[in-house]
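Here is the structure we will look at.
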Amino acid sequence: MKALIAAAAVFAASPALAQAPVQTPGQKPAQKLDTSAGPISAQRISDITRELASDPYAGRAPGGPGEPKTIDYLVKQFQALGLEPAGDKGSFVQDVQLYRFQTQPNGAYSLKAPGLSKTLQTQTDLRVETQRPVEQVRIQDAPLVFVGYGVTAPERGWDDFKGVDLKGKVALILINDPDFEAQPGEPVAGRFGGKAATYYARWTYKYEEAVRQGALGALIVHETAGAAYPWSTVVAGGGESYDVVRQDPASARLLMQGWIQRPLTVELFKAAGLDFEAEKARARTAAFRPVELKGASFSADYRNAVEQLTSRNVVGAIRGSKHPDETIMYSTHWDAYGIGAPDAQGATIRPGALDSASGVGGVIETARAFKAGPRPQRTILFGLWTGEERGLLGSEYFAQTSPYAAGKMVASIAYDTFHPLGPTRDVVLIGSGQNQLEDRLRAAAAKRGRTITPDPRPERALNYRADHFSFGRRGVPTLLLMALAGGPDVVDGGRAKGDQWVEEFTARCYHQTCDRWETWHDYSGAAADVNLAFEIGKALANSRDWPEWNAGSELGAIRAETAAQRK
Ligand SMILES: [Zn+2]
């Protein structure tokens, strides 16, 4: 989950968002405010957070010095609860095969077009990476094809590719949704959720679709507004990237994927006789057809360091008494940012207390609450994933290899980064308006005089950037409890306090050395939110209900493909 800093600045700049929460019209809290947490213990969430964020865990990097101790601790927690192993060979542990890729310096990159011949520099002009286990990448004068926003959305009657042949070519793609820059009155306005980003907006989707369309490589044109972060964030990774080991990497990953600076793209389009802004406007139409840049080509020659490593997921279960093949998943990630450059005080460990040791506390407490009750009719899964910070890798690996069918997964509920601010009047919901789990959250909250506040910054696409989405992208309805969307309405301090905390944490501590456990932390608000998620799961686990996606959701179409499994 990268690049929230720019967002925090914008957030601070729009006081309107900081005012009273948007409550569903006419929704009055049905009862007196009750912020208790049922069987969920705030103290145990705090204890688990404190332990995992302590120095001996070394910032919990996948494959890092802290991993063995972390896995040992998590397995012991699941064993102590009496959960059933759901990892490899009857254990709680699932080995996750990962690749670490590093684009080597001193590669050669160039662009040619009529009247233009440019040698390019990584980090300044473009960023490239290769997520295939190949050590040398050579692309010689590959034609360049502008594919607009690079979206194929059958449920919206949208196809930017229209059967174009991209074999051996490099696609140039715009970031965000086709309606991101739409002016009011433009036919596309609102067609992709308007301000709220859909999955099509995400860079991950752009590359995934480009390889499905047969492209050799793809370069996303960086625009700060559309990306919601500056170029400095794009190149912060320095050419390092991770992926899960795949059976057929060439069918899932491009030979080369990257970003290119906007000014350079404008110059390239001009040399090819095209006007970039005019082409962008054309890309906002359903009639858009890809255009090959006449006489233009791209070349690259670079080394790619490939390292394979094994990290581990920890997975436990309570098998259902009546429908063991139907599941409800509760999950979060145990990995954090490990050890890095010293901060001003010389600290190097990035402890990941709130992100997401607190989430681990939430999952373990949810398991405890289920174990304290009668065996549910459906199976409850508890996943603690590796590699989330490197691209949702552990949860993706489990989703790819799991014996449990996504078509029979009732819900994927994830916790990631709780706030430590104590009781709140509301829950800020990421991805609001997406699926029926939200209605259940609203009902569970209302029973306690609490409300739901829609994600104030849906354009940041947080709903596609945490582990719940590894199952969401397979059509499973998702619910994410994460405190980074917008400030909650804190009982002791109001929304102003909530917003201030989100802003400061995002700007100063997110993925940094100061995401530590602190004595002033109050996890009772987190515990109350976890309890709502527990109640939702308990009700679903003892029902024949199958919550659905709301109409128009791109994920609803994927869910529909497995409808027969839920008969
Ligand atoms: Zn996280």
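Kindly check whether there is at least one residue in segment 476-494 that is part of a helix (DSSP H, G or I) and modelled with pLDDT of 95 or more. Yes; the residues of segment 476-494 include at least one that is part of a helix (DSSP H, G or I) and modelled with pLDDT of 95 or more.
Here's a check for you: in segment 343-355, which residue that is outside any loop (DSSP other than H, G, I, E, B) and open to solvent by less than 10 Å² (accessible area, probe 1.4 Å) is farthest from the ligand (Cβ to nearest atom)? Per the stated criteria, the residue is A353.
When the test is whether a residue is in contact (Cβ under 8 Å) with a residue 12 or more places away in the chain and open to solvent by 20 Å² or more (accessible area, probe 1.4 Å), G498 does not pass it.
Per-residue answers, yes or no, for (1) in a helix (DSSP H, G or I); (2) of a type in the set (S, T, N, Q); (3) more than 18 Å from Y330 (Cα to Cα):
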position: A357; (1), (2), (3): yes, no, no
position: A367; (1), (2), (3): yes, no, no
position: R375; (1), (2), (3): no, no, no
position: L381; (1), (2), (3): no, no, no
position: P403; (1), (2), (3): no, no, no
position: A414; (1), (2), (3): no, no, no
position: F418; (1), (2), (3): no, no, no
position: L441; (1), (2), (3): yes, no, no
position: R448; (1), (2), (3): no, no, yes
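The strands (runs of 3 or more DSSP E) found entirely in segment 67-181 that carry 2 or more residues being within 30 Å of V315 (Cβ to Cβ) are 93-103. Residues in segment 194-201: is at least one in contact (Cβ under 8 Å) with a residue 40 or more places away in the chain, part of a strand (DSSP E or B) and farther than 16 Å from F288 by Cβ? Checked against the condition, which is being in contact (Cβ under 8 Å) with a residue 40 or more places away in the chain, part of a strand (DSSP E or B) and farther than 16 Å from F288 by Cβ, segment 194-201 yields no hits at all. Among the residues that make up segment 387-408, is at least one of them touching a Pro at 6+ places or on another chain (Cβ under 7 Å), open to solvent by less than 20 Å² (accessible area, probe 1.4 Å), more than 27 Å from P39 (Cα to Cα) and within 16 Å of the ligand (Cβ to nearest atom)? Yes, the conditions are met somewhere in segment 387-408. Note on segment 135-146: residues that are surrounded by 16 or more Cβ atoms within 10 Å (Cβ to Cβ) and either within 23 Å of E307 (Cβ to Cβ) or among the β-branched types (V, I, T) (or both) total 3.
The values are calculated or read from the model by the stated rules, or taken from the named source; none is laboratory data. Since the structure is predicted, the reported quantities are computational estimates derived from the model, not experimental observations. Don't worry about glycine lacking a Cβ; one is built from the backbone with ideal geometry, like all the others, and counts go over all protein chains shown. For the accessible areas, the whole protein counts, side chains as well, though only heavy atoms, and no ligand, DNA or RNA atoms are used. Shrake-Rupley method; radii C 1.70, N 1.55, O 1.52, S 1.80 Å.
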